[in-house]
Structure formats: C-alpha cells, structure tokens
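Shown next, in structure tokens, is the structure this report addresses.
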Amino acid sequence: MVVLAGALALGTAACGSGGDDAAPAAGGDGRTITIKDFDYAPRDIEAKVGDTITVVNADAASHTLTAEDKAFDTGPFGKETKTFTVSKAGKFTYSCTVHPYMPKGVIQVSA
C-alpha cells in the first residue's frame, strides 16, 4: 500500500500542471525559454520583477536572448543554459543578435 501511494505521488508530480506557458511565474519560481531549431519556445512569457529567466540553447549554433533596449542580454552561447534575473517592470521585446532573422519574443514583466 505504501509503494502504491508513493508511485501515485510520483506520477502526479511528473505530470506537471499542463498549464499555459505564458502564465505568470508564481512566487518568483522563474520561467524557461528554450531555443531550438532557430526559434524560441515559448516566444512570449510573463514574469514578475525578481524572477529568474532560464534560457536553454538546444541548438548546436550559438544564439543570444537580447532585449531590444538591452535590459538583459545572455551574450552568445552554445548548447548550454544561461540565466538572468528581471529587475524592472515593462514589456521587453527580445531577439537573437547572432541570427536577426529568427522570430522575436516578448517578456512581459509586472511589478
């Protein structure tokens, strides 16, 4: 009986919420954007001031996640993970400075 309860708990935790990727981060948990096939997923996210944004580059090519106003910039990085903390509220359009033809995204940051 204990084994079954543990298995059910693990199964429930592994399923996740299945929620909308553009939902606000709760309690400063942060958000993740993955770069794959020269695209960002999700492109648009919501966060709060103080949240940590994780950027995962799943491509072999180097990319950046750079705000148009330079509020944040991962700098070029290869197949690895970068993080940054959003420090001010606003709507930040971002792109890859290495590949300007890639689709742009938006990080909407609330106070």
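The values are calculated or read from the model by the stated rules, or taken from the named source; none is laboratory data. On a predicted model such as this, the values are computed, not experimentally measured, just so you know. No Cβ is skipped: glycine too gets one built from the backbone with ideal geometry, and neighbour counts run over all protein chains shown.
Scan region 47-54 and give yes if some residue there is among the basic types (Lys, Arg), closer than 21 Å to His99 by Cα and at pLDDT 50 or above, otherwise no. No, that holds for no residue. Of all residues in region 53-84, those satisfying the criterion of being assigned to a strand (DSSP E or B) and either hydrophobic (A, V, I, L, M, F, W, C) or under 15 Å from Val106 (Cα atoms) (or both) are Ile53, Thr54, Val55, Val56, Thr66, Ala67, Asp73, Phe77, Phe84. In region 76-92, the residues that are on the phi < 0 side of the Ramachandran plot form Cβ pairs under 6 Å with partners that are among the polar types (S, T, N, Q) and in a loop (DSSP other than H, G, I, E, B), at six or more places apart or across chains, as follows: Pro76/Ser62; Pro76/Thr64; Gly78/Ser62; Lys82/Thr74.
Filtered by the rule that a residue be buried (at least 16 other Cβ atoms within 10 Å of the Cβ) and either in contact with a Cys (Cβ under 6 Å, 6 or more places away or on another chain) or not acidic (Asp, Glu) (or both), region 44-55 gives Ile45, Ala47, Lys48, Ile53, Val55. Considering only residues in region 12-46 that are among the polar types (S, T, N, Q) and modelled with pLDDT under 95, the one that is farthest from Ile107 (Cα to Cα) turns out to be Thr12.
When the residues of region 66-90 are narrowed to those that are buried (at least 16 other Cβ atoms within 10 Å of the Cβ) and out of contact with any His (no Cβ under 9 Å at 6 or more places or on another chain), which ends up nearest to Glu46 (Cα to Cα)? Among residues in region 66-90 that are buried (at least 16 other Cβ atoms within 10 Å of the Cβ) and out of contact with any His (no Cβ under 9 Å at 6 or more places or on another chain), the one nearest to Glu46 (Cα to Cα) is Val86.
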